[in-house]
Amino acid sequence: MLSYLHGFHAGNFADLHKHAALWLILAHLRKKKKPFCVIDTHAGSGWYDLGSEQAAKTGEWHGGIGAAQAGKNAPEMLQGYMDHVARFDPVGHGRDYGVRESDEYTGPFYPGSPFIVREMLREDDELVLMELHPREHKTLHHRVKRDPRIHLHKRDGYEGLVAMMPPAIRRGLVLMDPSYDVKQDYQKAANAIKQAWDKWPTGTFMLWYPILEDGFDAELRQSIGAIKAKGGVLCAELAAEHGGAKGRMRGTGLLVINPPWQFDQDLDAIGTWLAKTCKFPGPTHHSISWLVAAA
Ligand SMILES: C[S@@+](CC[C@H](N)C(=O)[O-])C[C@H]1O[C@@H](n2cnc3c(N)ncnc32)[C@H](O)[C@@H]1O
């Protein structure tokens, strides 16, 4: 069952936290000349029009990227990412970014993970995308098909990830960003990450999860925290103390295996600033903890 569409949520506080973390990891990968690869197992449609009916229906981006762009004194690395978002104009790129003349766009626009990574790819770097939703896949295909560095698969991201391990380019990142439409996604995500890490123990893996009132996130932390990676396992959470409306997220979490050097400090500075700048259901904190210490 694929009912989730990211267009309703693009640019919300969870996207901002996750994408800022993604930006930090990419900036680190670019420090060395050696090529890197990124595998994005749940890619979405690539980029989003925040002026669309979908985005207007929830208005979530106003409390995320909207609030952050109006905020002051953002940490330098977050500002770098937000400048990228402010400059992001797929319409200006036309066919190259899959803009269709028959579609109407309003803007502003928000890049999803495929286009955040694309911005940071160099000539020999690679991006592998998986997306299972037929319409999202079709849109994404149209948007990335002209870039030879990007390989898109209409494939289950959990099974596909394990089958692709280890990647031919051995430096890089796996981003797993499921929609958690169904509760089984928690178990599937933990199993796939464990199996993939077994085959690629030096890779960096980042798994996103929502913090809801149902407590499934605790099981996920436990499963991923059992992975004894040399570079450690980090947990970062940006969450309000109390829940919002039933079924709504009160926070957002990331589990990162083998994070880059000083990623914890940089992400904590970003998360602490987002906690006081974005809109949440109540008082909000950012926390960072090592579930497994780096050796
Ligand atoms: C949260 S969205 C991804 C957002 C995107 N990573 C970003 O940051 O812009 C999750 C996506 O996963 C897709 N999806 C759901 N189950 C999947 C599966 N088993 N394999 C691959 N894609 C899946 C959904 O259709 C949806 O587009």
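Only residues that are polar (S, T, N, Q) and within 12 Å of the ligand (Cβ to nearest atom): list them for the range 105-117, please. Working first, answer last.
First pass over the range 105-117, keeping only residues polar (S, T, N, Q): 106, 113.
The answer is Ser113, and nothing else.
Within the range 1-59, the residues that satisfy the criterion of being touching a Gly at 6+ places or on another chain (Cβ under 8 Å) and at positive phi are Gly11, Gly44, Gly46. Tell me, yes or no, whether the range 242-252 has at least one residue that is more than 15 Å from the chain's Cα centre (by Cα) and in a strand (DSSP E or B). The answer is no, given that none of the residues of the range 242-252 is more than 15 Å from the chain's Cα centre (by Cα) and in a strand (DSSP E or B).
Residue-wise test of (1) within 11 Å of the ligand (Cβ to nearest atom); (2) touching a Pro at 6+ places or on another chain (Cβ under 7 Å); (3) touching a residue at least 24 places away in the same chain (Cβ under 8 Å); (4) not small (Gly, Ala, Ser).
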{"position": "Leu132", "(1), (2), (3), (4)": "yes, no, yes, yes"}
{"position": "Lys138", "(1), (2), (3), (4)": "no, no, no, yes"}
{"position": "His153", "(1), (2), (3), (4)": "yes, no, yes, yes"}
{"position": "Leu173", "(1), (2), (3), (4)": "no, no, yes, yes"}
{"position": "Gly203", "(1), (2), (3), (4)": "no, no, yes, no"}
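Filtering the range 62-74 for residues that are within 13 Å of the ligand (Cβ to nearest atom), closer than 25 Å to Phe205 by Cα and at pLDDT 95 or above leaves a non-empty set.
Tally time: how many residues in the range 39-56 are within 11 Å of the ligand (Cβ to nearest atom) and outside any loop (DSSP other than H, G, I, E, B)? Break it down stepwise before answering.
Within the range 39-56, the first condition is being within 11 Å of the ligand (Cβ to nearest atom), and the residues that meet it are 40-48.
Imposing the further condition that a residue be outside any loop (DSSP other than H, G, I, E, B) reduces the set to 40, 47-48.
Number of matching residues: 3.
For Ala226, state whether it is small (Gly, Ala, Ser), surrounded by fewer than 18 Cβ atoms within 10 Å (Cβ to Cβ) and either in a helix (DSSP H, G or I) or at negative phi (or both). Yes: the conditions hold for Ala226. Taking the conditions exactly as written (more than 8 Å from the ligand (Cβ to nearest atom) and within 16 Å of the chain's Cα centre (by Cα)), does Arg149 satisfy them or not? When the stated conditions are applied, Arg149 does not pass them. Among the candidates Met82, Met120, the residue that is more than 9 Å from the ligand (Cβ to nearest atom) and closer than 30 Å to Ala190 by Cα is uniquely Met120. The residues in the range 82-96 that are over 21 Å from the mean Cα position of the chain (by Cα) and among the basic types (Lys, Arg) can be counted, and the count is 1.
Please work out if Val99 is of a type in the set (A, V, I, L, M), surrounded by fewer than 19 Cβ atoms within 10 Å (Cβ to Cβ) and within 23 Å of the chain's Cα centre (by Cα). Outline the logic, then answer.
Working: of a type in the set (A, V, I, L, M): yes; surrounded by fewer than 19 Cβ atoms within 10 Å (Cβ to Cβ): yes; within 23 Å of the chain's Cα centre (by Cα): yes.
In short, yes.
Which ones in the range 26-38 are part of a strand (DSSP E or B) and either within 13 Å of the ligand (Cβ to nearest atom) or of a type in the set (D, E, K, R) (or both)?
The first filter runs over the range 26-38 and keeps only residues part of a strand (DSSP E or B), leaving 37-38.
The answer is Val38, and nothing else.
Residues in the range 9-59 that are modelled with pLDDT of 95 or more and acidic (Asp, Glu): Asp15, Asp40, Asp49.
A quick yes/no check of all residues on (1) at pLDDT 95 or above; (2) surrounded by 14 or more Cβ atoms within 10 Å (Cβ to Cβ); (3) closer than 25 Å to Ala190 by Cα; (4) among the acidic types (Asp, Glu):
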residue: Arg221; (1), (2), (3), (4): yes, yes, yes, no
residue: Ala245; (1), (2), (3), (4): no, no, no, no
residue: Asn258; (1), (2), (3), (4): yes, yes, yes, no
residue: Ala269; (1), (2), (3), (4): yes, yes, no, no
residue: Trp273; (1), (2), (3), (4): yes, yes, no, no
residue: Ser287; (1), (2), (3), (4): yes, yes, yes, no
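The values are calculated or read from the model by the stated rules, or taken from the named source; none is laboratory data. Note that the structure is a prediction, hence the values are computed from the model and not measured. FYI the Cβ positions are ideal-geometry reconstructions off the backbone, even for glycines, and counts take in every protein chain you see.
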